[in-house]
Amino acid sequence: MDPEVTITKTLIGPDAIAKRVEQLGRQISEDYKGESLYICCILKGAFIFTADLIRHIECPLRVDFIRLASYGSGTNTSGKVKITKDVELPFEDCHVLIVEDIVDTGITLKFLVDRLKLHKPKSVRICTMLDKRSRREIEVPVDYVGFTIEDGFVIGYGLDYAEHYRQLPGICVMEAP
Ligand code: 5GP
């Protein structure tokens, strides 16, 4: 059973998401024309976004997955990041594009960018579906943003609450009980 939550509104519907993802894919294809990409999808939240985005990217690419945990089962960050599943493919000499679901404090991405840079890739850029810019604690350069949103806990389109609700087709604002 899904935990009971109150979904206050659908913030971004499936059609708006699809349109924006296509635009992002087109922009990324232009920016990396003639290059190939190493896509680093941050599990689990970015899996749906990544699956949709890569189908709009025209340059050659490989996809890899890393799982970083910074949230428990609630809605507040622990402030600590740990790798619970590491990448598997080599990415030295590659253009790395990190695909994230949402940037909040920036702690998760700062940790990942610093770690990936140790392997000296050609470049590292970030593409996030959502950006809660007003919540940023650590500056991290975000190159591609789907939507900038206000503070508030969102679920759907891959984003969970206690591992539930990832399958909602739109991005919804919720209140925990
Ligand atoms: P940061 O390290 O930037 O504070 O947190 C990033 C991670 O926190 C995201 O990858 C995501 O897992 C989680 N997160 C932040 N805000 C939300 C939110 O509104 N909803 C959900 N489901 N996860 C969030």
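What follows draws every value from the coordinates through simple rules; no lab data is involved. Remember, it's a predicted structure, so these values are computed and weren't measured experimentally. All Cβ positions, glycine included, derive from the backbone under ideal geometry; neighbour counts span all protein chains shown.
Semi-axes of the equivalent ellipsoid of the stretch 1-103: what are they in whole Å, largest first, if each equals the square root of 5 times a C-alpha gyration tensor eigenvalue? Write out the running numbers ahead of the final one.
On the way: eigenvalues 147, 86, 19 Å².
One finds semi-axes of 27, 21, 10 Å for the stretch 1-103.
Model label points for residue 88 and residue 27, set 7 angstrom from Cα along the Cα-to-Cβ axis, are 3.1 nm apart.
Residue pairs exceeding 19 angstrom between C-alpha atoms, taken from 82/122; 110/132; 33/110; 44/85: 82/122; 33/110.
Scoring 34-42, 140-148 by mean Cβ neighbours within 10 Å over their residues and listing the highest first yields 34-42, 140-148.
Go ahead and estimate [θ] at 222 nm for the chain from helices alone: -39,500 (n - 2.57) per DSSP H run with n ≥ 4, summed, over the residue count, rounded to 500.
Details: 3 runs with 37 residues, N = 177.
The helix-only estimate for the chain comes to -6500 deg cm²/dmol at 222 nm.
Where the eigenvalues come from the Cα gyration tensor of the stretch 119-177, what are the semi-axes √(5λ) of the equivalent ellipsoid, largest first, in whole Å? Don't jump to the answer; show the numbers that get you there.
On the way: eigenvalues 129, 42, 23 Å².
The answer is 25, 14, 11 Å, longest axis first.
Could you tell me what percent of the DSSP beta bridges with both partners in the chain are antiparallel, to the nearest 5?
Working: 14 of 38 bridges.
In the chain, DSSP labels about 35 percent of beta bridges as antiparallel.
Across the stretch 93-104, coupling constants 3J(HN,Hα) worked out from phi with the 6.51/-1.76/1.60 Karplus curve, θ = phi - 60°, read 6, 10, 8, 8, 10, 7, 10, 10, 7, 8, 9, 10 Hz, and Gly and Pro carry x. When the distances between all Cα atoms of the stretch 1-48 are binned every 10 Å from zero, what whole-number percent does each bin get? With a bin width of 10 Å, the distribution comes to 18, 33, 32, 12, 5.
Compared with the rule-of-thumb size 2.2 N^0.38 Å for a compact globular protein, the chain has a Cα radius of gyration ratio of 1.00.
Angle of helix 14-31 to the longest C-alpha principal axis of the chain, folded into 0 to 90 degrees and rounded to 10: 20°.
In degrees, nearest 10, range 0 to 90: what is the angle between the Cα axis of helix 107-117 and the longest Cα principal axis of the chain? Between the helix axis and the principal axis of the chain, the angle is about 20 degrees.
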